[in-house]
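Presented below is the structure to which this report refers.
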Amino acid sequence: MKTKIIINISIVLVSFFSTTFAQFPLEVGNRWDYVEGWWDGSGNSSKDTVTYTVISDTLLANGKVYYKVIPENYFFFKQLMREDSLGIYFYDIYCDKEWLFYSYKLPLGLYVPIGNNNCDTTDAPKIYKSIDSSSNVFGQTVRYMKFSYEGGIDNFYTAGLTLEYGFTDWSTADLYRNYYSYLLGCKLSGNVYGTLTSVNEENHLINNFTLKQNYPNPFNSYTKIMYALPENLFVNFSLYDCLGKTIMVLVNERQGPGVYSVEINGISLSSGIYFYRLMAGPYIEIKKIVLLK
């Protein structure tokens, strides 16, 4: 009888620890494939697949290891991120500080300020956990958490995540469009879950120079721009006003082949038309961007 009791207790302990201490899957080589799209009130819509990949890890001066994910995504994947038992951290290069962005232990409905390129959190946007429950993902019942971020009546988003598979979905909206993303498949520690996009589709993207239109556009605070490089080049990515004056230098460094993204913070800018320019070796392209407040 004692032996049976010990065995049963062991099984319960193993089950408890495997569930409670699952880790968010940050590992070099891991990738996630999402369907991303938008729709508006006029019935217009568009969608595509986007692949995010952990390409490297790096030890910073604070003694902690961060993982670099490309392309960067304002809603969940930042280029420098790490995870521990408390939650997911982003390292903010603008403030030279890390933020605990998604706190696993945050009580439901409690609003907390977050930095994210805003070093003074006095008037910073707030984030709260709206769901902490269970969900079935790729045939497995896992803990599912959804966080909601509010930056104004026309600027908010939600992001859902699991510890086993990472981010599963996000959605956001502005005055003009509704945007969404959901996890199609992922490759974690060499294991494939769900459906991955074809290798040929990925290679096509990085065999050519690509500069995409920012989204959302028009925007009222933050917007994201993706671009692709087919080779190792020195890159300059800058924002200009209508008179050709440089407003921001967003990238000024050598980058290897791959897909990248930059984020423009327009909080301190006036409404109007701006232009962003990508210069990478022989490649130069300029696109228009509209800021409305």
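The values are calculated or read from the model by the stated rules, or taken from the named source; none is laboratory data. On a predicted model such as this, the values are computed, not experimentally measured, just so you know. Cβ: placed from backbone, ideal geometry, glycine included. Neighbour counts: every protein chain shown. The area values use the complete protein model at the heavy-atom level, side chains included, leaving out ligands, DNA and RNA. Shrake-Rupley method; radii C 1.70, N 1.55, O 1.52, S 1.80 Å.
What are the lysines whose alpha-carbon lies under 27 Å from the alpha-carbon of LYS245, with same-chain residues fewer than 8 places away excluded?
In chain and number order, the partners are LYS212, LYS224, LYS287, LYS288, LYS293.
Note down the nm distance, to one decimal, between modelled labels 7 Å out along Cα→Cβ at ASN232 and at VAL142.
3.5
Leaving ligands, DNA and RNA out of it, rank MET145, MET248 by accessible area with a 1.4 Å probe, largest first.
Correct descending sequence by accessible area is MET248, MET145.
Taking R0 as 35 Å, what's the FRET efficiency between VAL65 and LYS105 from their Cβ-Cβ distance, rounded to 0.05?
Between VAL65 and LYS105 the formula returns 0.95.
Give me the net charge of VAL262's neighbourhood, meaning all other residues with Cβ under 10 Å from the Cβ of VAL262; Lys, Arg count +1, Asp, Glu -1.
-1
In nm, give the distance between the simple-model label positions of ARG254 and SER42, each being 7 Å from the Cα along the Cα-to-Cβ direction.
Taking the simple label geometry, ARG254 and SER42 are separated by 4.6 nm.
Subtracting the Cα-Cα distance from 0.36 nm times the residue separation, let me have the gained length for ASN178 to ILE93 in nm, one decimal.
Value of the extension gain: 27.7 nm.
With every protein chain kept in the model, how would you rank ARG254, ARG277 by accessible area, 1.4 Å probe, largest at the top?
ARG254, ARG277
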